[in-house]
């Protein structure tokens, strides 16, 4: 394998992983709060369309990116209402949202093509390290690639070391227990979905503003669902998600290099594509879903929230009285 | 059923309805006008893969269907054009729906649903069904036809150009999920290149989608990294990824297919193999409305209805040297006269191993 081929695999792998990483981070936040958002593919599509459209209209990719984030948040608000406050079945609603987004963006694209030759983000070359043979390509990426890594570290830190992260993870581990302790699970979950969908919308915009040079119908081509799988592969850990997304990107890019190797040419290219999914199943099997948020996908009805919050208040009031009684005694 | 769960069910049904409406209105359009006695079939459905403005296969079908629609609207013919049907099941469902709705002729511009074609045709014996680029095993139902074209002649000519302009003596093809009508496009490009340069190196890559731009780009980058400097896509809108890859590697050329792609990437697109999909679509609709279709393969020869023609060279006229132009003109003449027959190669990889002695001698350049 020549240096040029290795550079192509590595560079191509990173390019393919970035939209998946952004979307995966959003899904990870949502799933940590107990919401499984199968509508991720739809949110990515909408983010991609709006991002491309705004970038084209304004000739400004940064505005396109923020538009992707904004529309992602708007989708998140709709989905949060459905998932959290209406307590609908998350799988069915998510799938319906994706189908609706596919139809909507395809129709809109046919009426208003959103940029077929957009000038996307320019590559930022990190001086010095970018000249290292083969791995130097890692340091010749668009800013969205560097920011995605920073965002993954920030999400990892935020979920583990901040009060909001604690509330999010608590809502994902047990909504009833969390509500009993006085936390408004609905608010926490709604914020998580809106925040997560912002990341997902950004992932869609990143795809069209760095990779595809514009929107085309069904441009995401199941990348959202791949991000969903990568979150599981990463064990709901944002740092591990970087590795999972990289595995996906490299195995995806590698299939084309492998097709050039005559001794491996007979291996179906689909086999290389299946590596990340096989790895996901393998990891889930050996960990037996150890790190799965326990309340994942389980709606928490509004009535339960009210009862639990009242119960929590009563419990806290009794505790306070007991404590004051002990002090007085 | 409680009020809440009833409301939830209603919301799901509502979402399904919205999704169905959005999917259904993906560019469908109809026209109608006064009646004409020479018209035997007044309702025609054209179902096709891809969207109507993707500057690729779907765009070409749409242009042909739209031209027929405008021509026939004054004669009371309704032409309904339905894009974005990308799986065989879509054709089964939509084909059945249109037949039930009283459509007399359905043109499926897909190439991957022969079983569905026969199944629906048997169910609706009074409706005529035709599909592009499929091989239907006999016996054919009376109301089934296929259409094919020697559009791969254009791919062969493009291969001649690719084989001549490649400075690295290395060309590459990127193909979507294979089926014979698609495979022959890439294989005949390779064969055309080998005709002018028997020792040319060939890289052939497959991607799992016709529309995934990112995959098209990744595969093209891989081909460029392997040394290829002329790329040929047997993919649909994923071609855009190939154009992006070529643009980031100066000295790389692309010869796309279906729809003139010059405006998308004027600095890398040498020419486009137009294939004549629009002309074939229009011709078949015109035959269909007159009730003149019988159960056989409608085969369009080179240059009939624009089949296999190349788009202008625009910025790259200088690449087409007088010597190459002389060879191209001679090859075109041979195709028209029948002294050069480009083989239909439905098996991946066969273009690179095809016995060149079965082709006539290369014309002098």
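The numbers here are math on the coordinates, done by the rules we state, and not lab data. What you see is a predicted model; the values in this text were computed from it and never measured. Positions of Cβ are backbone-derived with ideal geometry, glycine not excepted, and every protein chain shown enters the neighbour counts.
How would the stretch B:284-358 be classified by its alpha-carbon gyration tensor: rounded, prolate or oblate, with rounded meaning a/c under 1.5 and the a/b versus b/c comparison settling the rest?
Verdict is oblate for the stretch B:284-358.
Just tell me how shielded A:10-19 is by partners: mean number of partner chain Cβ atoms within 10 Å of each residue's Cβ, no decimals.
That average works out to 2.
Between residue A:298 and residue A:63, take the C-beta separation as r, use R0 = 41 Å, and let me know the FRET efficiency to the nearest 0.05.
Computed FRET efficiency for residue A:298 and residue A:63 comes out at 0.60.
May I ask you to derive the FRET efficiency for residue B:248 and residue A:316 from their Cβ-Cβ distance with R0 = 51 Å, giving the value to the nearest 0.05?
0.25
Regarding chain B, what are the three Cα extents along the principal axes, ordered largest first, in Å?
72, 54, 37
If you count, for each residue, the other Cβ atoms within 10 Å and average over each peptide, how do B:289-295, B:301-307 line up from highest to lowest?
Ranked from most to least packed, the peptides come out as B:301-307, B:289-295.
Taking chain A as a Gaussian network, Cα atoms linked when under 10 Å apart, which of A:299, A:127, A:143 shows the biggest mean-square fluctuation?
A:127
State whether chain A is rounded, prolate or oblate according to the following rule on the C-alpha gyration tensor (a ≥ b ≥ c being the square roots of its eigenvalues): a/c under 1.5 gives rounded; otherwise a/b larger than b/c gives prolate, and the remaining case gives oblate.
Since a/c reaches 1.5 and a/b is larger than b/c, the shape of chain A is classed as prolate.
Test of understanding: ordering A:40, A:149 by Cβ neighbours within 10 Å, fewest first, what list do you get?
The order, fewest Cβ neighbours first, is A:149, A:40.
Of B:347, B:128, B:146, which has the largest mean-square fluctuation in a 10 Å C-alpha GNM of chain B?
B:347
In degrees from 0 to 90, rounded to the nearest 10, what is the angle of the helix A:90-111 Cα long axis to the longest principal axis of chain A?
40
Quote the convex hull volume per residue of the protein assembly as shown, based on C-alpha atoms, as a whole number of Å³.
It comes to 187 Å³ per residue, whole-number rounded.
Rank the residues A:22, B:195, A:124, A:236 as a footprinting-exposure proxy: fewest other Cβ atoms within 10 Å of their Cβ go first.
Final ranking by Cβ density, sparse to dense: A:124, A:236, B:195, A:22.
Taking one equal scatterer on every alpha-carbon of the stretch A:149-230, how large is log10 of I(q)/I(0) by Debye at q = 0.11, 0.12, 0.14, 0.20 1/Å?
-0.41, -0.48, -0.62, -0.97
For every helix of n ≥ 4 consecutive DSSP H residues, a contribution of -39,500 (n - 2.57) applies; sum these over the protein assembly as shown, divide by its total residues, and give [θ] at 222 nm rounded to the nearest 500 deg cm²/dmol.
Using -39500 (n - 2.57) per qualifying helix, the result is -18000 deg cm²/dmol.
Using the basic label-point model (7 angstrom from Cα toward the beta carbon), what is the residue B:304 to residue A:281 distance in nanometres?
4.8
For B:79-91, what's the mean count of beta carbons from other chains sitting within 10 Å of each residue's beta carbon?
1
With an 8 Å Cα cut-off and a minimum separation of 6 or more residues, compute the relative contact order for the stretch B:289-365 in percent.
Relative contact order, the stretch B:289-365: 33 percent.
Rank these for me by crowding, A:284, B:244, going from fewest to most other beta carbons within 10 Å.
A:284, B:244
Among A:32, A:251, A:192, whose mean-square fluctuation peaks in a Gaussian network model of chain A (Cα, cutoff 10 Å)?
The residue with the greatest mean-square fluctuation here is A:251.
How many partner chain Cβ atoms sit within 10 Å of a residue's Cβ in peptide A:103-112, on average, as a whole number?
Going residue by residue through A:103-112 and averaging, the value is 5.
Would you report the distance distribution of C-alpha pairs in the stretch B:108-232 as whole percents per 5 angstrom bin, up to the bin with the largest distance?
2, 11, 17, 16, 15, 12, 9, 7, 5, 3, 1, 0
If I take every Cα pair under 8 Å that is 6 or more residues apart in chain B, average their sequence separation and divide by the length, what percent do I get for the relative contact order?
18
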